[in-house]
Amino acid sequence: MSAFSVLRSRRFWWLALIVLLLAGLAVFWVLRNDAQANANLRTATVSRGDIEDSITALGTLQPRDYVDVGTQVSGQLRKLYVELGDPVEQGQLLAEIDPTLFEAKVNATRAQLTSQRAQLKQQQAQNRLANLQHQRQKALFAAQATSEEALQSAEAQAQITAAQIEALQAQIAQTEASLKEDLANLEYTKIYAPMSGTVVSQSAKQGQTLNANQSAPVIVQIADLSSMTVKTQVSEADIGRLRAGMPVYFTTLGQERRWEATLGQILPTPEVINNVVLYNAQFDVDNPDGRLMTQMSAQVFFVNAQARDVPVLPLSAVQGLRPQRNPQGPLFRLQVLENGTPVEREVHLGLRDRVHVEVRDGLREGEQVVLPAGAPAVAANVGGPGGQRRMGPGGGPRF
């Protein structure tokens with residue numbers, strides 16, 4: 001081989017080596033850029049948690065059974081035997097109205113009744129005498145020993161005394177009715193508890209004059225605090241998702257306890273407040289320890305559906321994506337990291353709350369989903385897997 005051929009061969013191998021080096025650098029650069037791009041992807045990790053589809057509302061607590069205890073007669077409240085917070089039993093004496101005028105009225109009516117009964121006895125005696133005289137005049141007239149005028153006068157006198165007896169009997173019946181009313185009014189001066197419970201309100205003070213001519217003044221309110229009613233107002237946009245018998249729970253200010261019940265009733269007539277249509281929904285809850293009190297505010301959650309200990313994703317993972325409808329629920333095409341590379345995958349989603357969505361099929365716990373462009377980052381999951389977390393209650397429509 002000539003020197004020229006050897007030189008030419010060496011030059012070829014050097015050019016080939018340079019080409020290979022350049023190709024290797026290009027592949028390394030592409031792989032490096034892809035790795036950096038994948039490393040900068042914003043992701044959310046599939047975790048496990050509890051999730052529910054619920055409707056939220058504000059409510060107020062009131063005793064389920066209560067009664068306003070008032071007075072049916074006017075007068076001065078002479079004695080009040082109970083105070084706010086006192087427990088009372090059915091039939092217990094609560095208060096007394098000054099009975100002086102009512103006792104006087106009863107005594108006067110009784111005296112009038114006694115007088116009328118005496119008059120009745122007198123009139124009955126006169127009627128017997130008139131009947132005897134009438135019989136005597138009939139016998140005399142038959143013997144032609146008296147005139148027809150005397151007979152007619154005796155007959156008329158007997159009828160008059162009989163009529164007077166009927167009038168007195170009617171007066172006595174009227175007076176007896178008045179006496180019954182007066183005795184009832186006298187009894188009304190003593191006010192008894194119509195039910196067992198607790199005194200939750202006091203509207204009158206001892207010594208106060210009460211006027212019952214137009215309305216019955218309320219003295220105290222008694223309530224059975226062992227069972228409370230939660231009254232809520234639900235917007236017309238959400239009322240269609242409520243149904244009697246659905247699970248419901250609520251919390252109150254300053255108490256961490258969660259109270260559970262079932263929805264009892266949805267009232268058909270709404271209230272319009274500032275042009276907002278609100279429907280009243282209410283339910284009862286037991287209160288054996290008395291921790292629930294009148295007029296407490298409640299944050300209420302009507303549970304439409306729920307799932308426990310299921311795979312979940314942050315809602316940001318599907319923000320802006322259009323689901324595909326199918327009989328089993330919404331279906332999304334999501335980018336899932338496989339060996340660091342985004343791969344499109346069909347994911348079947350289910351329930352959601354305000355921050356999370358249930359994963360029913362297509363993803364496993366611990367897998368990472370690439371967040372769509374413009375979606376808010378999930379602090380715990382950006383750029384790598386995050387820890388498991390439990391979701392609290394929330395509300396919002398399903399897909």
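Bear in mind these aren't lab numbers, they're just calculated from the coordinates by the rules spelled out. Note that the coordinates shown come from a computational prediction; the quantities given were computed from them, not determined experimentally. When we count neighbours, we look across all protein chains shown, and the Cβ atoms used for this are built from the backbone with ideal geometry, even at glycine.
What the table shows:
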quantity	calculated
5 angstrom amide H check on Arg48, placed H, neighbours 5+ away	Val312, Arg389
Derived scalar couplings ³J(HN,Hα) [the range 195-206; Karplus, 6.51 cos²θ - 1.76 cosθ + 1.60; whole Hz; x for Gly, Pro]	8, 7, x, 10, 6, 9, 7, 10, 9, 9, 10, 4
Residue list for the range 62-102, given a label point 7 angstrom along the Cα-to-Cβ vector of Arg110 and an amide N cut-off under 12 Å	none
Cleavage-rule hits (trypsin sites (Lys or Arg not before Pro)) in the range 151-225: DSSP loop, at most 12 neighbouring Cβ within 10 angstrom	Lys205
Theoretical gain in end-to-end length, Ala173 to Leu93 [0.36 nm per residue, Cα-Cα removed]	25.6 nm
Separation between Cα centres of the range 109-165 and the range 265-306, rounded to whole Å	76 Å
Relative packing of peptides 269-278, 212-221 - highest average C-beta neighbours within 10 Å first	212-221, 269-278
Charge sum, other residues only, whose C-beta stays under 15 Å from Leu58's C-beta, Lys/Arg counted +1 and Asp/Glu -1	-1
Estimated vicinal HN-Hα couplings, Hz - the range 156-170 in sequence order (Karplus 6.51, -1.76, 1.60; Gly, Pro = x)	5, 5, 5, 5, 5, 5, 5, 5, 5, 5, 4, 5, 5, 5, 5
Simple label model, 7 Å out from Cα along Cβ direction - Gln324 to Ser297, nm	4.7 nm
Charge-dipole axis of the range 99-188 as Lys and Arg at +1 and Asp and Glu at -1 on Cβ define it, positive-most pick from Gln133, Gln122, Gln157	Gln133
P(r), alpha carbons of the range 99-188 - 10 Å bins starting at zero, rounded %	18, 29, 21, 15, 10, 6, 1
